[in-house]
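Just below is one structure, and these are the notes that go with it.
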Amino acid sequence: MSKGMGSEFCNQNAYDAIQIHGGSGFMKDYACERIYRDARITSIYEGTTQLQVVAAIRHVTTGTYLEQINDYAALEYAPALKPLQDKLAAMTKLYSEAVEKVVSQKNPEYDDFHARRLVEMAGHIIMGYLLLGDANRTPELFTKSANVYVRYGEAEIARHHKFIMEFNEQDFADSYKAE
Ligand SMILES: Cc1cc2nc3c(=O)[nH]c(=O)nc-3n(C[C@H](O)[C@H](O)[C@H](O)COP(=O)(O)OP(=O)(O)OC[C@H]3O[C@@H](n4cnc5c(N)ncnc54)[C@H](O)[C@@H]3O)c2cc1C
């Protein structure tokens, strides 16, 4: 999960780095064009993102990630972090609903179709809790990162949840049959 999501994030970060530098960022004068080229391979070698998802989805469907998330949720955090803790609890509820909807179809192809969305949802929650733990231990270093990341993850989870909950299973069945 770390490799899959981290290598996708590094592609986006390298893209943004060039964008911030404008035309200069595209030229070889600056390191970011090299970083951009190097970033592109990270989501391919040592297992493509899609293969990381194939490996990770079983931990969604068996509930391993949810157990891990619940373990993090049960830890003690400083009162100042309560708003972030509440957000992570709400994100977990949306994740559980989405997993339930997908798994209830009892169709492995349907699981595969939503796999990346579900793995990313779990990833945002797990990384959010890890940052919450960091902010709990070293607030001066990690509170800002935890705040930024949890709010980002919250929006991403809302997006995936909406897509999964509003997805019409018949559309999937029809397109699968058409093949
Ligand atoms: C610069 C570089 C260095 C490398 N170094 C090494 C090395 O040191 N050692 C080594 O062993 N290998 C190395 N490789 C190979 C690398 O591991 C493979 O390129 C990588 O595993 C992807 O395999 P592939 O290129 O055959 O793509 P394919 O397997 O053909 O994949 C093509 C696309 O299909 C998708 N796909 C494939 N199967 C599935 C599936 N089941 N479900 C969903 N999507 C799927 C992939 O995600 C990808 O988007 C290197 C490659 C490069 C470019």
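The values are calculated or read from the model by the stated rules, or taken from the named source; none is laboratory data. In this text, all values refer to a predicted model and were calculated from it rather than measured experimentally. Note that we place each Cβ from the backbone using ideal geometry, even for glycine, and neighbour counts take in every protein chain shown. Surface areas here come from the heavy atoms of the whole protein model, side chains and all, with no ligands, DNA or RNA. Shrake-Rupley method; radii C 1.70, N 1.55, O 1.52, S 1.80 Å.
Using C-alpha pairs under 8 Å with a sequence gap of at least 6, the mean separation divided by the residue count of the chain gives a relative contact order of 22 percent.
Each residue, residue 75 and residue 24, gets one label point 7 Å from its Cα in the Cβ direction; the gap between the two is 4.1 nm.
Lys-Lys pairs in segment 45-179 that are eight or more residues apart or on separate chains and whose Cα atoms lie under 25 Å of each other come to 14.
By definition, a body whose alpha carbon gyration tensor gives a ≥ b ≥ c is prolate when a/c is 1.5 or more and a/b is larger than b/c, and segment 66-117 fits this prolate description.
Taking all protein chains into account, the per residue accessible area for segment 57-137 stands at 50 Å² (1.4 Å probe).
Given segment 1-92 reduced to its alpha-carbon atoms as identical point scatterers, what log10 I(q)/I(0) does the Debye formula return at q = 0.16 Å⁻¹? Debye intensities relative to I(0), on a log10 scale: -0.83. Expressed as a whole percent, the accessible surface of the chain that belongs to carbon and sulfur atoms is 57, based on a 1.4 Å probe. The alpha-carbon of residue 28 sits under 19 angstrom from the alpha-carbons of these aspartates and glutamates, leaving out residues fewer than 8 places away in its chain: 16, 38. Ranked by the mean number of other Cβ atoms within 10 Å per residue, highest first, peptides 29-35, 48-54 order as 48-54, 29-35. Summarised in one figure, the compactness ratio Rg/Rh of segment 128-179, Cα atoms and Kirkwood Rh, is 1.37.
In this rough spin-label picture, where each label sits 7 Å from Cα along the Cβ direction, the residue 11-residue 101 distance is 2.6 nm.
When you filter the chymotrypsin sites (Phe, Trp or Tyr not before Pro) in segment 101-149 for DSSP loop state and at most 10 other Cβ atoms inside 10 Å of their Cβ, nothing is left. Among the helices of the chain, those built from whole DSSP H runs whose Cα atoms reach 27 Å or more along their own axis and whose mean Kyte-Doolittle hydropathy is at least -1.0 are 2-21, 82-103, 108-137, 139-166. Toward the positive end of the charge dipole of segment 1-89, about the Cα centre and with charges on Cβ (Lys, Arg +1; Asp, Glu -1), which of 57, 70, 32 goes farthest? The listed residue farthest towards the positive side: 32.
Taking a ≥ b ≥ c as the square roots of the eigenvalues of the alpha carbon gyration tensor, segment 53-179 is prolate, as a/c is not under 1.5 and a/b beats b/c. When you filter the GluC sites (Glu not before Pro) in segment 42-117 for DSSP loop state and at most 14 other Cβ atoms inside 10 Å of their Cβ, you are left with 46, 76.
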